[in-house]
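The values are calculated or read from the model by the stated rules, or taken from the named source; none is laboratory data. Source: prediction; values computed, not measured. As a convention, Cβ positions derive from the backbone with ideal geometry for all residues, glycine included, and neighbour counts pool all protein chains shown.
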């Protein structure tokens, strides 16, 4: 046996003894010391959007299109009567009101956007009509006629007075209420609540305090309502 072979065998023996010693010290198979592949953690379920504070969503003087005593579901919409997106959302909201009649409460909050000349006067007109018991009639009339007065740079309050006359309201009282500082303050308080809730545009809709996706279609909104009714 050559001298080089003896040296090589000796080195192999030393290495083997070293590995054996490591196994004994580690208390197991040397494979246990090797890094093992970690399973990818399962992504957590998306957390539900936080519920908005009830005291900001509905006030004592908030306007109800539908009020159901002890209803388990309240739908609140922050809207602008001059907003084209709100007008597009209007048929969905009417279908929801029809299909869930007697089961849910529906509340509207005024959120006149600053860029719309007639959004605040329109909200004041709806509020003035509400004070004469014609909330729903004026609410519907605003969306039905939006194309006639919306996007105007001129104050169209006289158009709204004409609506009041068509609806058989006391026109003098309607005009006084629509133009009163108290009514504008009332509209402004809705707007302030919306800002406090993070509302940035219209329509913004909440179901039991949870915000819906932007401009929810009927199926999305109905699914959220059903989940609350069944919960």
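Here residue 186 clears all of (1) out of contact with any strand residue (DSSP E or B) (no Cβ under 7 Å at 6 or more places or on another chain); (2) closer than 17 Å to residue 55 by Cα; (3) not in a helix (DSSP H, G or I) except the condition numbered (3). When residue 88 is tested against (1) part of a helix (DSSP H, G or I); (2) within 16 Å of residue 110 (Cβ to Cβ), just one condition goes unmet, and that condition is (2). Can we say residue 161 is touching a residue at least 12 places away in the same chain (Cβ under 8 Å), in the same structural domain as residue 142 (by TED's automatic domain parsing) and under 31 Å from the mean Cα position of the chain (by Cα)? For residue 161, the condition - touching a residue at least 12 places away in the same chain (Cβ under 8 Å), in the same structural domain as residue 142 (by TED's automatic domain parsing) and under 31 Å from the mean Cα position of the chain (by Cα) - is not met.
Looking at 96, 108, just one residue is in contact with a strand residue (DSSP E or B) (Cβ under 8 Å, 6 or more places away or on another chain), modelled with pLDDT of 95 or more and either farther than 30 Å from residue 149 by Cα or assigned to a helix (DSSP H, G or I) (or both), and that residue is 96. Pairs linking a residue in the stretch 89-103 that is loosely packed, with under 13 Cβ neighbours inside 10 Å to a residue that is assigned to a loop (DSSP other than H, G, I, E, B), with Cβ atoms under 8 Å and 6 or more positions apart or on different chains, are 102/68. Within the stretch 209-231, the set of residues being touching a residue at least 60 places away in the same chain (Cβ under 8 Å), surrounded by fewer than 20 Cβ atoms within 10 Å (Cβ to Cβ), under 10 Å from the mean Cα position of the chain (by Cα) and assigned to a loop (DSSP other than H, G, I, E, B) comprises 209, 215.
Note on the stretch 121-141: residues that are within 17 Å of residue 151 (Cβ to Cβ) and either in contact with a strand residue (DSSP E or B) (Cβ under 8 Å, 6 or more places away or on another chain) or part of a strand (DSSP E or B) (or both) amount to 1.
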